[in-house]
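Everything on this sheet refers to the single structure shown next.
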Amino acid sequence: CGGTHVQDLGVGEVFVITEETGTAAGVRRISGVTREKARECNADADKFATRLDGLEALEGPALAAELKVVKNELNSYTMGAVRKAELVARLDVTAAKVLAWQKEQTKAKAGAASATVKELAKSCGDAAKVVARIDFGVDGKTSSKLMKDFGKANKTSSLLIISAGDEGFGIYCNAAKAHMEGGLDALQWVQATVEAAGGGKSGGRPNNANGQVASLAGIDAAEAAAKAFVA
């Protein structure tokens with residue numbers, strides 16, 4: 001034992017294990033505190049448990065937002081290893097609940113976006129150059145499906161979608177063959193849209209391209225620039 005040594009365990013009053021680590025093969029080091037520091041660890045654990053009580057009472061977007069805050073707060077609490085493991089397990093259950101809710105929301109938004117795109121393909125007419133704001137998040141898988149849905153229903157029109165996410169927005173574009181032969185380039189269209197928003201990432205080919213902007217601040221300017229590009 002590395003100490004501290006006492007003649008009577010009662011001298012420590014309260015004991016809390018703060019850490020267990022491996023120092024060599026088959027050797028574990030256990031660190032702990034006693035007395036006032038141990039009481040402080042238990043008090044912090046109680047505070048965080050109360051924090052989790054409040055978190056677990058929330059639902060939907062409020063729960064998702066608060067979960068991020070509580071996760072960031074976790075390391076600011078000094079608590080024993082055993083209590084911390086128990087509380088982290090509770091936090092993990094809440095995180096799983098949020099993930100399941102987010103998947104449901106993504107699925108619902110994707111379904112609504114698909115219906116909107118199919119209707120747009122029918123209503124825009126032939127050889128149209130369409131710019132649409134359809135919010136389904138920043139999701140490449142969903143955007144690919146939407147472009148396929150639009151292309152199946154309207155093979156002569158080009159489409160650029162702007163979709164807001166939680167913090168930034170995505171730009172997804174597909175250029176029809178006839179428009180490409182006339183000089184339209186999907187990548188240049190996306191690049192002009194990204195630049196109008198203050199800059200971001202873009203990539204792709206003349207027939208299909210996408211981009212991403214980290215902030216929502218320029219989303220209206222981006223939509224205006226996308227429309228002006230094909231006016």
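The values are calculated or read from the model by the stated rules, or taken from the named source; none is laboratory data. Please read these numbers as outputs of a predicted model, since none were measured by experiment. No Cβ is skipped: glycine too gets one built from the backbone with ideal geometry, and neighbour counts run over all protein chains shown. Surface accessibility is based on the protein's heavy atoms, side chains included, excluding ligands, DNA and RNA. Shrake-Rupley method; radii C 1.70, N 1.55, O 1.52, S 1.80 Å.
Restricting to the stretch 15-41, and then to whatever is open to solvent by 90 Å² or more (accessible area, probe 1.4 Å), part of a strand (DSSP E or B) and among the hydrophobic types (A, V, I, L, M, F, W, C), can you tell me which residue is farthest from T78 (Cα to Cα)?
So, considering only residues that are open to solvent by 90 Å² or more (accessible area, probe 1.4 Å), part of a strand (DSSP E or B) and among the hydrophobic types (A, V, I, L, M, F, W, C), the one farthest from T78 (Cα to Cα) is I30.
Hey, could you check the stretch 74-88 for residues that are touching a residue at least 24 places away in the same chain (Cβ under 8 Å) and in a helix (DSSP H, G or I) and say which is most open to solvent (accessible area, probe 1.4 Å)? Don't jump to the end; show me each part of the working.
Applying the first criterion (touching a residue at least 24 places away in the same chain (Cβ under 8 Å)) to the stretch 74-88 yields 74, 77-84, 87.
After this cut, where a residue has to be in a helix (DSSP H, G or I) as well, the list is 74, 81-84, 87.
On the way: L74: 24, A81: 37, V82: 93, R83: 70, K84: 70, L87: 8 Å².
Looking at residues that are touching a residue at least 24 places away in the same chain (Cβ under 8 Å) and in a helix (DSSP H, G or I), I get V82.
Based on what the data block shows, is L58 modelled with pLDDT of 95 or more, not in a helix (DSSP H, G or I) and not hydroxyl-bearing (S, T, Y)?
Considered against the rule, which asks whether it is modelled with pLDDT of 95 or more, not in a helix (DSSP H, G or I) and not hydroxyl-bearing (S, T, Y), L58 comes out as yes.
Is it the case that T116 is of a type in the set (V, I, T), over 30 Å from K68 (Cα atoms) and touching a helix residue (DSSP H, G or I) at 6+ places or on another chain (Cβ under 7 Å)?
So T116 fails the test.
Which residue pairs have Cβ atoms closer than 6 Å, lie 6 or more positions apart in sequence or on different chains, and pair a first residue in the stretch 202-220 that is hydroxyl-bearing (S, T, Y) with a second residue that is open to solvent by less than 30 Å² (accessible area, probe 1.4 Å) and in a loop (DSSP other than H, G, I, E, B)?
That search, which allows pairs on different chains as well, returns S215/G168.
Which residue pairs have Cβ atoms closer than 6 Å, lie 6 or more positions apart in sequence or on different chains, and pair a first residue in the stretch 140-154 that is farther than 16 Å from G165 by Cα with a second residue that is in a helix (DSSP H, G or I) and polar (S, T, N, Q)?
Pairs found: D149/S114.
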